[in-house]
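The values are calculated or read from the model by the stated rules, or taken from the named source; none is laboratory data. These numbers were taken from a predicted model, which means no experiment stands behind them. Cβ: placed from backbone, ideal geometry, glycine included. Neighbour counts: every protein chain shown. These accessible areas exclude ligands, DNA and RNA; they are computed on the full protein's heavy atoms, side chains included. Shrake-Rupley method; radii C 1.70, N 1.55, O 1.52, S 1.80 Å.
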Amino acid sequence: MESRLHRKEFDATARGPLHGVRVLDLARLVAGNTLSMVLGDHGAEVIKVEPPEGDTLRAWKVKGVETSWKSWCRNKKSICLELRNPEAQAIVRQLAREAGILLESFRPGVLEAMGLGPDVLHAINPKLVIVRISGWGQDGPFRHKPGFGTLVEGYSGFAAVNGFADREPVLPPMFMGDCYAGIYGAASATIALRHAELTGQGQVLDLSLIDPMLAVMDPQTANFRLTGKTKVRTGSRSTNTAPRNAYRCRDGGWVCLSSSTQGMTEKLLRSICREELITDPRFRTNPDRLANWQELDAIIGDYIGARDKAEVLAHFDQAGVTIGPIMDAADLLQDDYVAEREALIEVPDEDMPGGYVPMHGMVPRLSATPGVLARRAPKLGEHNDEILRPALGEAEFSRLAAAGVIRG
């Protein structure tokens, strides 16, 4: 299928506002790679320090192609070290001297066991920002438990409120907990970096996956304290406003509609020629509509269900009603809005059909420094020569490569 996405080229000379900041990324999987991708997109030199088998993210392949790696690891370099070897650990300590940020996602205590604990690293580089990513945090009773995003998506209360009341709780079909942690972590790391620039003082950022998930789930606990009731699963419906739901059209397409203000609800009812419902005691106010949501949903669902998706969208758009299509990946590749905004783009990739891989554009969108596409996701150990040979010297580089300390 031909895509409408804009094709963008990589430019190794591109510079962003974080140019000159070196990031040593020892983390694995999504949270760390999301964090370092945001920094790399805005100019930081991100050096992935990978084991001989590569970051675990490389193993997530579709038809033999590392699609996850390509998306989350653009604008990075890769060196490959056998980190169980003390000489490899010494290389990391040497690289840390010139780094602004170091990321890791080992279980608590592993970094210390490798001789790379915060006390050691700060003795080498007092300004270093050390980001420690884990499922449950560096302290507390769960510190040694494994902590994939799935577990925190359940523990945080998200799964309990996601799905339908008569079915099982539903976990998200994407890497929600990891991505939230990565985004929070990128913001936190730049805050700490600014502090280090002003004061010369580095610090440790204890980034658990559970904390950001609990943050985005608020105010669930405050609501429980007020009501004594936990939120029930309501599918696509809202417990705060009505109407709000997903509706099926005559041709099988789906739309989502939300009328979270009184004015929008009245506009919606007029647009379906049911103006009399505005003063109907069942639907007069938002609390009335919440109490009678099934009747209101049936009325709206009948109207939408009698028309094809394109007709529904055109009609409500003209009426100024807040409605939108429910899109899938095939739709997004063909969508004019997504293409023109460059929310999704295509970049060169030799492994993909047609020579281009689609991925998200720059987030956030900054007016003066809009982010850069400097380089594609690296091959394993691709930048050993560029980074390690000058740092170690020719003789030492060759010796460590021959000894299997430097790999790839």
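For this structure, a couple of remarks:
- Applying a threshold of 19 Å to the alpha-carbon distances of LYS61/LYS379; LYS76/LYS127; LYS8/LYS61; LYS76/LYS379 flags LYS76/LYS127; LYS8/LYS61 as lying beyond it.
- Taking 0.36 nm per residue of separation and subtracting the Cα-Cα distance, full extension of the segment from LYS145 to ASP166 would add 4.4 nm.
- Projected label distance in nm at SER398 and ILE191, using a 7 Å step from Cα toward the beta-carbon: 5.0
- A crude spin-label estimate for the pair LYS8 and ALA222, with each label 7 Å from Cα along the Cβ direction, gives 3.6 nm.
- Given the chain, longest segment not containing exposed loop chymotrypsin sites (Phe, Trp or Tyr not before Pro) (DSSP; at most 16 other Cβ within 10 Å): 149-408
- Choice from GLU87, GLU295, GLU342 showing the highest fluctuation, given a GNM over the chain with Cα pairs closer than 10 Å: GLU295
- The charge dipole of the range 236-302, taken about the Cα centre with unit charges on the Cβ atoms of Lys, Arg (+1) and Asp, Glu (-1), comes to about 180 debye, rounded to the nearest 20.
- For Cα Rg over 2.2 N^0.38 Å, calculated from these coordinates, the label among (1) 1.17; (2) 1.06; (3) 1.11: (1)
- Sum of side-chain charges, PRO243 neighbourhood, beta-carbon under 15 Å (Lys, Arg +1; Asp, Glu -1): +3
- Separation between Cα centres of the range 81-132 and the range 210-238, rounded to whole Å: 38
- Selection from TYR184, GLY235, PHE224 lying farthest towards where the dipole of the range 183-237 points positive, charges on Cβ: GLY235
- Counting only Cβ charges, +1 for Lys and Arg and -1 for Asp and Glu, the dipole size of the range 314-402 around its Cα centre is about 400 debye.
- The chain, accessible area per residue, ligands and nucleic acids excluded (1.4 Å, Å²): 50
- Charge context of ILE124, other residues only, Cβ under 13 angstrom, K/R +1, D/E -1: +1
- Among LYS48, LYS77, LYS61: highest mean-square fluctuation, GNM of the chain, C-alpha pairs under 10 Å: LYS61
- Carbon plus sulfur fraction of accessible area for the range 266-367, probe 1.4 Å, in percent: 54
- Taking a span of 20 Å or more along the helix axis (Cα atoms) and a mean Kyte-Doolittle hydropathy of at least -1.0 as the rule, the DSSP H helices of the chain that qualify are 176-199.
- Among GLY140, GLY157, ILE124 the positive-end extreme of the charge dipole of the range 90-186 (Cβ point charges): ILE124
- Cα-based reach from LYS229 at 18 Å (exclusive), listing aspartates and glutamates while leaving out same-chain residues under 8 positions away: ASP166, ASP218
- Dipole magnitude (debye, nearest 20) for the chain, charges at Cβ of Lys, Arg, Asp, Glu: 660
- Charge tally in the Cβ shell below 13 Å around ARG143, where Lys, Arg are +1 and Asp, Glu are -1, ARG143 excluded: 0
- Computed lengthening from ASP206 to SER260, 0.36 nm per intervening residue step minus Cα-Cα distance: 15.7 nm
- Calculated FRET efficiency, ARG84 to GLU276, Cβ-Cβ distance, R0 = 51 Å: about 0.10 to the nearest 0.05.
- Charge dipole (the chain, unit charges on Cβ, about Cα centre) - positive-most of ASN286, TRP254, PRO172: ASN286
- Cβ-derived FRET efficiency at R0 22 Å, LEU198 paired with ILE124, nearest 0.05: 0.60
- Top of ILE101, ILE272, ILE130 by mean-square fluctuation, Gaussian network on the chain, Cα under 10 Å: ILE272
- Applying 0.36 nm per residue to the separation of ASP308 and VAL110 and subtracting their alpha-carbon distance, the gain on full extension is 65.6 nm.
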